[in-house]
Protein chains: 2
Amino acid sequence: MPDWIHHPCPPLDRASEAAALARQGELTKPPGALGRLEQLAVRLAAQQGRLKPRVERVCITVFAADHGIAARGVSAFPQAVTAEMVRNFARGGAAINVLARQLGATLEVVNLGTVTPIGPLAQVVDATIAPGCGDIGLGPAMQVPQFAAALQAGRAAVERALAAGTELFIAGEMGIGNTTAAAALGAALLDLPAAALVGPGTGLDADGVVHKCRLIEGALALHASARDPLEQLRRLSGFELAALTGAYLHAAQRGLPVLVDGFICSVAALAAVRIQPAVSDWLHLSHASAEPGHAAICTALGLTPLLDLGLRLGEGSGAALALPLLRLACDLHGQMATFAEAQVSDRQPV
Amino acid sequence: MPDWIHHPCPPLDRASEAAALARQGELTKPPGALGRLEQLAVRLAAQQGRLKPRVERVCITVFAADHGIAARGVSAFPQAVTAEMVRNFARGGAAINVLARQLGATLEVVNLGTVTPIGPLAQVVDATIAPGCGDIGLGPAMQVPQFAAALQAGRAAVERALAAGTELFIAGEMGIGNTTAAAALGAALLDLPAAALVGPGTGLDADGVVHKCRLIEGALALHASARDPLEQLRRLSGFELAALTGAYLHAAQRGLPVLVDGFICSVAALAAVRIQPAVSDWLHLSHASAEPGHAAICTALGLTPLLDLGLRLGEGSGAALALPLLRLACDLHGQMATFAEAQVSDRQPV
């Protein structure tokens, strides 16, 4: 297993946090009137080590891969859609393309291996490990070298984002079948039955969800001996989930705040936190997914999502949609006048 | 009472709505995967009468005024703050200034009358009616000509916004004591006791809330004979609340979609809907306020806020914070590729 996984994360900057908190009390508004946006600005100050944080430069990386278990009918869409959507990303037609353009964010797609081969494409980094991971109902998702490569692909994406000057990292995923893998990994990490984490994904009907649940139960039974989160990740996830976990771990190690997308990304983030609890200091949850298992993952992370709009698309789209709130929280924090500057009277003495 | 209040609202464009709904089903995502953003885009299409709605050009109008009842200690802040904040708006230091700048929205402040006189100020329209409205615990908030002037000030703001090409209207308010007036009006409109709508506003302690509640009960008893919503608005609100209601009525009459801010704006919107139920077709609720009475108002409006971030600032700030979601909903709706364009496989036949 690669050594870097266990490198420590830096501590939050408590001096910047205290200064930011004091500034919030001086701005021309009743104390606490900006609610969670105040806490967001203060946490970003602690993460970025500056009184006035900024999240203008943002890199979004979408990790794509196929899943062995998808051949057994766990999705409303055919498996070919993973590769087709990678081509859609390259042509700029997917939801995350539209959002990245509008937000002025950099978008990169990392292909970790699809069943249908994909040739070289603009904006797509070829990091193919194999044409899809193993079927978690029959064996481990990844062999040890494959797992190391997937983790490393996440680490490398964060390094590229940092080289581009990113102030916040967003990851997304694309992979037909990956709510099945995420539910299996989430259930293993939380020691819960499959039924607690399973959901319709892209749109399974009730019978489909029952079938998916049975397959996850089988995978959980097969890998029940794995109790270490890293080993659970290797056995019960997939290339893009392992890359997400590697990316979150490395972002935290580099002191880079992360805005986590929905169900699948949150499960990968939980794996990262189980591997290194300090990763949690660097995470923001963007939205509450419509996938029913997400709530249990958010609770385990101890974090509350910013948005709750019934989203269940993936690709990093929910995180992108929450980005304006982080930006505006920073703008309000950095640009509002203080009571003294504006000569506005503060609260009356009680 | 001015005739224009009862002019009818145009119907929604059901053909554009149907076309937008059909387009949502063709975009490269699982059906419904963008949750409320899909409904938002479809509703905006119905309101704007075009397949691809846009909310790029946005005008924000903040209505400011003082309240007679504020002299009796219903706020954590002194009454002078209303005028001081109008000056802060003019100098660009308030939260709504920062948000309008970052969002590229036009900001206008309409001064309807403050206790402390304000001279001419940049970006502030002087529409002074009186130095604050009447104390609702002692008599009506407004005399009939004052009420007509306040409603007309809202109408005029919408006309200016339309002349500037606005595609969406946002209103905000500033007035020390106006959660007291809004709670009184909301309770009268919903026939609920004061306790169901009262809250801490800018930060009253528990004793302060009890005092505020007793004052609202007194005002409700004094004006109990008023059963017509227009008369309840005249007696139990204030200049800025009546201007908000006038603005919402006129925006609906002109077929202009409205993004409603928090507690006070929602009460004014409810008054508009009680005067003309069709106004409801033109409203979007931006956020769930931390003010506890807001939930009952949202329920009565039959609308669900987009954000829930514990905001309780006013000024239109919550609506401004939700604006990026409306814009991105339009961008996704208008710019994503269809399955056919992107050659992506649709769902498997069940």
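The values are calculated or read from the model by the stated rules, or taken from the named source; none is laboratory data. Predicted, not measured: the structure shown is a model, and the values here were computed from it. Neighbour counts run over all protein chains shown; Cβ positions are idealised from the backbone, glycine included. For the accessible areas, the whole protein counts, side chains as well, though only heavy atoms, and no ligand, DNA or RNA atoms are used. Shrake-Rupley method; radii C 1.70, N 1.55, O 1.52, S 1.80 Å.
Per-residue answers, yes or no, for (1) under 19 Å from A:Ala268 (Cβ atoms); (2) touching a residue at least 60 places away in the same chain (Cβ under 8 Å):
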{"residue": "A:Arg14", "(1), (2)": "no, no"}
{"residue": "A:Cys59", "(1), (2)": "yes, yes"}
{"residue": "A:Asn97", "(1), (2)": "no, no"}
{"residue": "A:Ala100", "(1), (2)": "no, yes"}
{"residue": "A:Thr106", "(1), (2)": "no, yes"}
{"residue": "A:Thr128", "(1), (2)": "no, no"}
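Looking at region B:99-113 only, could you name the residues that are more than 10 Å from chain A (Cβ to nearest Cβ) and closer than 14 Å to B:Val62 by Cα? Correct list: B:Ala100, B:Ala105, B:Thr106, B:Leu107, B:Glu108, B:Val109, B:Val110, B:Asn111, B:Leu112, B:Gly113. Residues of region B:5-41 that are within 21 Å of the chain's Cα centre (by Cα) and either open to solvent by less than 20 Å² (accessible area, probe 1.4 Å) or within 20 Å of A:Gly203 (Cβ to Cβ) (or both): B:Ile5, B:Leu12, B:Arg36, B:Leu37, B:Gln39, B:Leu40, B:Ala41.
Going residue by residue through region B:110-117, is there one that turns out to be assigned to a loop (DSSP other than H, G, I, E, B) and within 30 Å of A:Gly104 (Cβ to Cβ)? Break it down into steps so the answer makes sense when it comes.
So in region B:110-117, the residues assigned to a loop (DSSP other than H, G, I, E, B) come out as B:112-117.
Subset that is within 30 Å of A:Gly104 (Cβ to Cβ): none.
No: zero hits.
Which residues, taken from region B:125-135, are surrounded by fewer than 21 Cβ atoms within 10 Å (Cβ to Cβ) and β-branched (Val, Ile, Thr)? Within region B:125-135, B:Val125, B:Thr128 meet the criteria.
For region B:50-72, a residue qualifies if it is open to solvent by 40 Å² or more (accessible area, probe 1.4 Å) and out of contact with any Cys (no Cβ under 6 Å at 6 or more places or on another chain), and the qualifying residues are B:Arg50, B:Leu51, B:Lys52, B:Glu56, B:Arg57, B:Ala71, B:Arg72. Yes or no: region A:194-212 includes at least one residue that is free of Cβ contacts under 8 Å to residues at least 40 places away in the same chain and touching a Pro at 6+ places or on another chain (Cβ under 9 Å). Looking through region A:194-212, at least one residue is free of Cβ contacts under 8 Å to residues at least 40 places away in the same chain and touching a Pro at 6+ places or on another chain (Cβ under 9 Å).
Would you pick out the residues in region B:217-247 that are among the charged types (D, E, K, R) and free of Cβ contacts under 8 Å to residues at least 12 places away in the same chain? Can you show your working first?
Step one: list which residues in region B:217-247 are among the charged types (D, E, K, R), which gives B:217, B:227-228, B:231, B:234-235, B:240.
Within region B:217-247, B:Arg227, B:Asp228, B:Glu231 qualify.
Scanning region B:83-98 for residues that are more than 7 Å from chain A (Cβ to nearest Cβ), among the hydrophobic types (A, V, I, L, M, F, W, C) and surrounded by 21 or more Cβ atoms within 10 Å (Cβ to Cβ) yields a total of 4.
Within region B:249-270, identify whether any single residue is without any contact (Cβ under 8 Å) to a residue 60 or more places away in the chain, touching a helix residue (DSSP H, G or I) at 6+ places or on another chain (Cβ under 7 Å) and open to solvent by 10 Å² or more (accessible area, probe 1.4 Å), and answer yes or no. No: region B:249-270 contains no residue that is without any contact (Cβ under 8 Å) to a residue 60 or more places away in the chain, touching a helix residue (DSSP H, G or I) at 6+ places or on another chain (Cβ under 7 Å) and open to solvent by 10 Å² or more (accessible area, probe 1.4 Å).
Across region A:99-121, the qualifying residues are those that are within 20 Å of the chain's Cα centre (by Cα) and of a type in the set (Gly, Ala, Ser), and the one among them that is surrounded by the most Cβ atoms within 10 Å (Cβ to Cβ) is A:Ala100.
Residue check: is A:Gly302 small (Gly, Ala, Ser) and open to solvent by 40 Å² or more (accessible area, probe 1.4 Å)? The answer is yes for A:Gly302. Residue-level analysis places B:Ile60 outside the set of residues that are under 30 Å from B:Gly334 (Cα atoms) and within 13 Å of chain A (Cβ to nearest Cβ). On the basis of being modelled with pLDDT under 95, open to solvent by 10 Å² or more (accessible area, probe 1.4 Å) and out of contact with any His (no Cβ under 9 Å at 6 or more places or on another chain), does B:Pro2 make the cut? Here the answer is yes, as B:Pro2 does meet what is asked. The single residue among A:Leu309, A:Leu313 that is in contact (Cβ under 8 Å) with a residue 12 or more places away in the chain, open to solvent by 10 Å² or more (accessible area, probe 1.4 Å) and over 24 Å from A:Met142 (Cα atoms) turns out to be A:Leu313.
Tell me, yes or no, whether region B:4-21 has at least one residue that is within 13 Å of chain A (Cβ to nearest Cβ) and among the aromatic types (Phe, Trp, Tyr). Reasoning before the result, please.
Here is the first cut: in region B:4-21, the residues within 13 Å of chain A (Cβ to nearest Cβ) are none.
No, every residue in region B:4-21 fails to be within 13 Å of chain A (Cβ to nearest Cβ) and among the aromatic types (Phe, Trp, Tyr).
Within region B:144-199, the only residue that satisfies the criterion of being in contact with a Phe, Trp or Tyr (Cβ under 7 Å, 6 or more places away or on another chain) and hydroxyl-bearing (Ser, Thr, Tyr) is B:Thr179.
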